Amino acid sequence: MALPLVDMPEENHVLLVSFSSQGHINPMLRLGKRLLSKGLHVTLALTEVTRDRMLKSSTESAGASSVSGIGVVFFSDGLSLDYDRKANLDFYIETLGKYGPVNLSALIRDRYHGGKKLVCLIANPFVPWVADVASELGIPCALLWIQPYAIFAIYDSFYNKRNRFPTVDDPDVRVHLPGLPLMTTQDLPSFVLPTNPFNAFMKLFSGFFQHLEKFQWVLGNSFHELERDVVDSLSELCSLRPVGPLVPMALLSDEQGGQDVGVEMWKSEDSCIEWLDRQAPRSVVYVSFGSIVVLPAKQMESIAVALKNTKRPFLWVVKPPEKPPADGAGELPLGFTDEVTDQGRVVTWCPQIKVLSHPAIACFVTHCGWNSMLETICSGIPMIAYPQWSDQPTNAKLITDVFKIGLRLNKDEGGTITSDEIERCIEEVMVGARAEELRKTADELKRAAREAAGPGGSSDRAIQQFVDEVTGGDGDDSGEYGASKGNCHEDQIHDEKKVDVEEEGGEGDRLSLHMVMDDATEVGPPGRTPSID
Ligand SMILES: O=c1c(-c2ccc(O)cc2)coc2cc(O[C@@H]3O[C@H](CO)[C@@H](O)[C@H](O)[C@H]3O)cc(O)c12
Ligand SMILES: O=c1ccn([C@@H]2O[C@H](COP(=O)(O)OP(=O)(O)O)[C@@H](O)[C@H]2O)c(=O)[nH]1
């Protein structure tokens, strides 16, 4: 049952706690906005280094203490502001895990009367210790999972040893999980493979998946219709609440002017939109690998050759690595931009939401980051999957075998993705019967996404159900996706006045955060030697 805004008592206050990176803060803020629209009071807690970056940014709203009605508060991660957090990710995550809980707990005791003013904490996956803070203070805790539930299912199985996974001695083990297609090594998230060099993530996720009971709900940036089988298969394990897609409102309706709430890390080259305006409908190949991946020189070369050979217009985002590596990774072949001035555009960062919703875009060659994928699904554009690490290989499998809205680039016998293969896939996604079919399915999924997020849709209902549960409202407790493990009793609802959630004035919804997370280039991409271990 929808609770009318006016009747919602002020004490229904939730605190969101996010790791300080764009891909984590944005879905959290969008969830916050939806909770706000259901009558909750919402505050977002970030680490102080984020405030520092905000203050250093030159934009008007930098340093704002609220964004679009969501209050923003800060706690220390235990490191000095000028400490180079990218130097050693293991150390950073460990320090955050040690001082974060102490400082967040102090903040809650201080600002929210020992936590009595909060009905729920919501954390995202890089700060799982928030659940311990919540339990210590007697507050229910939810997780916002920001990748597909398919990845959640795979990690749960891996860390709880429910299935056999590839090992050094047996690298080709195939994995079959309920609700998912059979997965080979190339379809699994890189963190579960024996080749994974990132200990920090391993430690973080193993602790977390072995103690899922600490979270009363697992909200997810996905929607039921998108991942029906895997969501249903997980419903015994925990109370899933698919509340996505948590993308800008502009992607969820055709009406212009939908407001977004989100942070922007990099300045985009908006002139590419005027260039798109001059291109024919459904003619442009969009290419981007997100904010973290830096491609090896050889892969840059094959994309460049393929794009040139297709003779089709293209928009390629090539984000310069902060510290250019000696081996030419991330760099365009010499002279490329001059050769293609009449054919395409290369930009360092683009306004991706506007690009994907532009009628000139035909397809997206993507690294399969989950945020990009959801944005593309909401735009109804077919994809060409070029996954690199983390969740991306599995996301690529979802694109081809589950959602059926794109193709995946295949490696040759030598393990290379050739320019011929890229060119072939671009043609296949753009012309012919297969292209038609992919476009049709992509269009259907776009409608399903909009319906799920719209009033009365599955995600809207899941959010309402969650709100009813945390506020002790009269929602249906049996739940659509598994019963609530119910930790939301009357005694957790308190009657004191809320803390300072300021009303947003002026331009409003975009918390401008041009914080260059160059860090990212250090921690991720294959093809480069990670500087952390
Ligand atoms: O910010 C980070 C850091 C980081 C940065 C700075 C620092 O000092 C410490 C840690 C490490 O790994 C990440 C990995 C991410 O994966 C990305 O997360 C998306 C959403 O989960 C996925 O869908 C994408 O495929 C995936 O590339 C996204 C991130 O924002 C990060
Ligand atoms: O030129 C670009 C490339 C990416 N993005 C945004 O950056 C985010 C990338 O997130 P994703 O999960 O796809 O990948 P990651 O960067 O975390 O690898 C998405 O919201 C994109 O819309 C953008 O605004 N401009």
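Of the residues Val284, Val247, Val318, which is within 16 Å of ligand 1 (Cβ to nearest atom) and either touching a residue at least 24 places away in the same chain (Cβ under 8 Å) or touching a strand residue (DSSP E or B) at 6+ places or on another chain (Cβ under 7 Å) (or both)?
Values: Val284 fails: within 16 Å of ligand 1 (Cβ to nearest atom); Val318 fails: within 16 Å of ligand 1 (Cβ to nearest atom).
Among Val284, Val247, Val318, only Val247 is within 16 Å of ligand 1 (Cβ to nearest atom) and either touching a residue at least 24 places away in the same chain (Cβ under 8 Å) or touching a strand residue (DSSP E or B) at 6+ places or on another chain (Cβ under 7 Å) (or both).
I want to confirm something. Restricting to segment 240-259 and keeping residues that are crowded, with 24+ Cβ neighbours inside 10 Å, of a type outside the set (D, E, K, R) and away from ligand 2 (no atom under 15 Å from the Cβ), which single residue is nearest to Lys354 (Cα to Cα)?
Val243
Collect the residues in segment 294-308 that are among the β-branched types (Val, Ile, Thr) and modelled with pLDDT of 95 or more, keeping them in residue-number order.
Residues of segment 294-308 among the β-branched types (Val, Ile, Thr): 294, 303, 305.
Result: Ile303, Val305.
Ser291 versus (1) at pLDDT below 95; (2) over 24 Å from the mean Cα position of the chain (by Cα): which is the lone unmet condition?
All conditions are met except number (2).
Condition test on Val293, is it farther than 27 Å from Arg447 by Cα, assigned by TED's automatic domain parsing to the domain that holds Glu421 and away from ligand 1 (no atom under 16 Å from the Cβ)? Before you say what the answer is, go through the steps one by one.
On the way: farther than 27 Å from Arg447 by Cα: yes; assigned by TED's automatic domain parsing to the domain that holds Glu421: yes; away from ligand 1 (no atom under 16 Å from the Cβ): no.
Spelling it out, it is not the case that Val293 is farther than 27 Å from Arg447 by Cα, assigned by TED's automatic domain parsing to the domain that holds Glu421 and away from ligand 1 (no atom under 16 Å from the Cβ).
Among the numbered criteria (1) aliphatic (A, V, I, L, M); (2) surrounded by fewer than 18 Cβ atoms within 10 Å (Cβ to Cβ); (3) under 21 Å from the mean Cα position of the chain (by Cα), which one does Ala200 miss?
It fails just one condition, (2).
Show me the strands (runs of 3 or more DSSP E) entirely contained within segment 231-292 in which 1 or more residues are polar (S, T, N, Q).
Details: elements: 240-242, 262-264, 284-288.
Passing ranges, in order: 284-288.
Take Arg424 and decide whether it is charged (D, E, K, R) and in contact with a strand residue (DSSP E or B) (Cβ under 6 Å, 6 or more places away or on another chain). Before you say what the answer is, go through the steps one by one.
Working: charged (D, E, K, R): yes; in contact with a strand residue (DSSP E or B) (Cβ under 6 Å, 6 or more places away or on another chain): no.
Criteria not met by Arg424.
The values are calculated or read from the model by the stated rules, or taken from the named source; none is laboratory data. Note that the structure is a prediction, hence the values are computed from the model and not measured. Glycine gets a Cβ as well: all are built from the backbone with ideal geometry, and neighbour counts include every protein chain shown.
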